[in-house]
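Taken together, the values in this text are just the output of simple stated rules run on the coordinates, not laboratory data. Just so it is clear, the model here is predicted, and its values are computed rather than measured. All Cβ positions, glycine included, derive from the backbone under ideal geometry; neighbour counts span all protein chains shown.
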Amino acid sequence: MADCCTPRKKLCWCVLLFFLVAGITGGAIGIYKWHYSGLNRWHGAGSTADFQKIIQERCDTYTQTIRPGSRSRNCQAIRQAFMSAFISKDPCKATKEDYNSLINLAPPTVPCGQQVFWSKTKELAHEYAKRRRLMTLEDTLLGYLADGLRWCGEPGSSDLNIWSCPDWRKDCRTNYVSVFWEVLSERFAESACNTVRVVLNGSLENAFDSMSIFGRVEAPNLRPQVELEAWLVHDTGKPPSDSCSGSSIRKLKSILDGRNVKFRCMDNLSRDQFLQRS
């Protein structure tokens with residue numbers, strides 16, 4: 001009887017084993033690359049690491065320390081509603097309705113006359129609001145939770161996409177981050193009453209940008225009889241590039257006139273002058 005383990009047969013088995021291992025490894029690598037390329041197909045950065053944990057911790061801090069008056073808000077329910085709004089869904093097909101449950105749990109309403117809107121002046125507007133004990137959108141509960149974070153999911157997956165999320169310029173405007181801020185901004189503007197303020201960047205040629213969140217969402221949703229004060233603030237040591245008589249501010253006034261919203265405008269203020277007046 002011939003030896004079944006001749007050198008030739010051993011070589012054959014080794015070659016067969018090599019190709020089997022190579023095939024399995026190659027298949028695994030191919031599947032990984034296919035999966036990764038799908039998750040990495042967007043132009044924006046991926047979801048913020050520890051997103052759920054951050055949302056929960058921020059909510060606890062806000063309701064227990066920053067605004068104890070909102071202690072009755074259910075942070076666990078808010079976190080779950082936030083996740084349910086976008087998880088397992090196409091990240092480029094967000095709708096306002098996706099956020100209804102979340103917004104209803106924590107509407108972005110503030111006391112009359114305390115709203116501060118801003119456009120391209122976030123840091124300055126926040127400093128102004130803090131000094132005057134007023135509130136920007138990011139000072140509301142949901143604004144505070146989401147400020148600076150990124151999030152998106154994938155259809156059929158219960159996980160966040162940590163590799164990439166849609167960029168609103170390069171991929172789609174109907175991504176879940178953009179739609180969130182549009183919905184929250186709309187509700188924030190609709191709840192405004194009495195005199196409210198907007199801080200605009202007077203160092204820009206067009207201080208009012210009709211395509212900004214303030215221009216296309218907030219200003220058009222102010223209620224009749226509200227009075228809006230616009231502050232055009234330019235960089236310290238530099239001359240202003242726009243004024244209350246400029247074309248962009250006239251466009252803003254036209255939008256407000258159509259809403260029967262009263263309007264006042266103050267310009268030629270440097271950052272330091274503006275904060276001193278506050």
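What the table below lists for this structure:
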{"read-out": "Subset of region 95-120 [farther than 14 Å from residue 191 by Cα and free of Cβ contacts under 8 Å to residues at least 60 places away in the same chain]", "value": "97, 100, 101, 102, 105"}
{"read-out": "Any chance residue 196 is in contact with a Gly (Cβ under 9 Å, 6 or more places away or on another chain), among the β-branched types (Val, Ile, Thr) and closer than 29 Å to residue 86 by Cα", "value": "no"}
